[in-house]
Amino acid sequence: MKIASRLLATLALTVLSALSYAATPKSYSVTSPDGTLVATVTNGESLSWTLVKDGVTILEPSEIGMTLGDGSVYAAGRLKGRPVLRSVRGSFIPSHVYKKAQVKEEYDELTLKFKDFNLVFRAYDEAVAYRFVSKAKADFIVKGEQAEFAFGKDCEGCFTF
């Protein structure tokens, strides 16, 4: 009887631990090569990201996601493996006529791997970009995309166009 109750208690703790892990938001950051921009992605109840430039919050938590035509949703969930960080420092020769013979390519990249998709964030010295990369084998239709931009309170004058 003691063994059964211990087994049941261990099983209950394991289930509670797994549930609390799934509910606990996890954050991952990528920084631009010059260190001025920091994008932080949070995987919790939803996927969101923030952007800070030189210590000033440009974007407060802003939700992102994608819905496909078949009803699949690219949103928060359990990661498959560890996040992948990589740095790219180099240049390339443009394939078409361009004002420069060579284009500098420098960024740091964060990849979060989910079951059906990857979420890739790139931080350049002057910009941040993200994209959803599908693992689907067949063609699909993007039905909708959630892309919020909650600009920070201290962000007046942050943008120059």
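The values are calculated or read from the model by the stated rules, or taken from the named source; none is laboratory data. This is a predicted model, so every value here is computed, not measured. In this analysis, Cβ positions are derived from the backbone assuming ideal geometry, glycine residues included, and neighbour counts consider all displayed protein chains. Side chains included, ligands, DNA and RNA excluded: accessible areas come from the protein's heavy atoms. Shrake-Rupley method; radii C 1.70, N 1.55, O 1.52, S 1.80 Å.
Quick notes on this one:
- Here ILE58 clears all of (1) open to solvent by 80 Å² or more (accessible area, probe 1.4 Å); (2) part of a strand (DSSP E or B) except the condition numbered (1).
- Being open to solvent by 90 Å² or more (accessible area, probe 1.4 Å) and among the acidic types (Asp, Glu) is a property that does not hold for GLU106.
- Residues that are modelled with pLDDT of 95 or more, out of contact with any Lys or Arg (no Cβ under 7 Å at 6 or more places or on another chain) and farther than 26 Å from ASP116 by Cβ are absent from the range 70-86.
- Residue in the range 34-54 that is touching a strand residue (DSSP E or B) at 6+ places or on another chain (Cβ under 7 Å) and among the basic types (Lys, Arg) present: yes
- Any hit, the range 11-27, residues being modelled with pLDDT of 95 or more and closer than 22 Å to GLU148 by Cα: yes
- One residue from GLY65, GLY77 being touching a residue at least 40 places away in the same chain (Cβ under 8 Å), under 22 Å from GLY144 (Cα atoms) and either open to solvent by less than 30 Å² (accessible area, probe 1.4 Å) or not in a strand (DSSP E or B) (or both): GLY65
- Those strands (runs of 3 or more DSSP E) lying entirely in the range 82-161 with at least 3 residues under 18 Å from GLY35 (Cα atoms) and in contact with an Asp or Glu (Cβ under 6 Å, 6 or more places away or on another chain): 84-92
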